[in-house]
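Before any comments, here is the structure.
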Amino acid sequence: MNTSTETGAGLPVDSRGAGIARISGARVVYWSLRRELWENRSIHLAPLVVTAFVLLGSLVAVASLPHRMQGLARQDPARLHAMAIKPFSMAPAPIMLTTFLVGMFFCLDALYGERRDRSILFWKSLPVSDRTTVLTKAAVPLVVLPTIALVLSVITQIVMLAVSVPVLLGSAVGPAALWRELRFFEGVAIMVYGLAVHALWFAPIYGWFLLVSAWARRAPFLWATVPLLVITGFERLALDSWSFGYMLQYRVSGAMKEAFTWSRGPVGEVDRLWQLEPVRFLRAPGLWVGLLFAAVCLVAAIRLRRNREPI
């Protein structure tokens, strides 16, 4: 049996004196991410299922598009624009919401689940640090799930566009109105920006859930939510104030307020590049306070995992 020792230079060797190749950090991160995708099939299955339902509903809306667009081209160009782009702009929303919910529940179970099923003993025997493990788990809702949402949203819109053209060709409206109103590549750029914005804005939520997952011995969802509700209720009853509740509301919905300018009119949504406000978003104190809180939670989660044992 081979046993490894350390040489004077700090390089690991086996009992025969042969050097053992070190695994690069990038490769460790890559296989750690592969592990998360392998163990948590909901990361990709849930968005895929929602995408299938979104496609079904969107294709029904596209099939009725010629009838609804009939007669609007000359009467009301603003309504025509809204009607043409609405199925395409609304289709990604359920997919993105699903990835947020999947990320939230993934974080709640990420460090708690491995203690519950005692697999933490196996994973700690591997040459992967607690820091790498926790940061890799944090990368799932911050990087992996937004990427999945973007790819599925773009595919959904491409399929809808491919169906819309022949449908409109067979009608009196024609596809020219759709091509004129729909700016596909501009929409993709807006989606990339929006997903990046929400990933950064929701980072403290994911960090808090990972911290609770590393600490709780049971019911991590209750430990993550009930104290927040208790603080909100106590402040409301004892101090007749709503500051903490407003802070929670701002954390959930504030990204749209800080990062976008909403249009007025029939569309009432973000569909143009001029509505993006990256400078205002990067100047928002709520962004940096949230990122600092997320960093503190991740550091605490790393320390907790280092000393935690199976439940």
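Throughout, read-outs are computed from the coordinates displayed, never taken from laboratory work. Not measured: the values here are computed from a predicted model. No Cβ is skipped: glycine too gets one built from the backbone with ideal geometry, and neighbour counts run over all protein chains shown.
In terms of other Cβ atoms within 10 Å, 143, 62, 252, 128 run from fewest to most in the order 252, 143, 128, 62.
The order of 262, 274, going from fewest to most other C-beta atoms within 10 Å of their C-beta, is 274, 262.
For 100, 88, what ranking results if the residue with the fewest other Cβ atoms within 10 Å of its Cβ goes first?
Exposure proxy ranking, most exposed first: 100, 88.
Name all residues of segment 128-145 having a backbone nitrogen under 17 Å from the label point set 7 Å from the Cα of residue 23 along its Cα→Cβ direction, giving them as ranges. The answer is 128-137. Mind jotting down the distance between the C-alpha centroids of segment 228-251 and segment 133-153, whole Å? Segment 133-153 and segment 228-251 have Cα centres separated by 30 Å. Residue 151 to residue 311: FRET efficiency via 1/(1 + (r/R0)^6), r the Cβ-Cβ distance, R0 35 Å, to the nearest 0.05? Using R0 = 35 Å, I get an efficiency of 0.45. Using the Cβ-Cβ distance between residue 246 and residue 126 with R0 = 51 Å, the FRET efficiency computed as 1/(1 + (r/R0)^6) comes to roughly 0.70.
Partners of residue 137 within straight-line reach, counting lysines whose Cα lies under 30 Å from its Cα and excluding those fewer than 8 residues away in the same chain: 124, 257.
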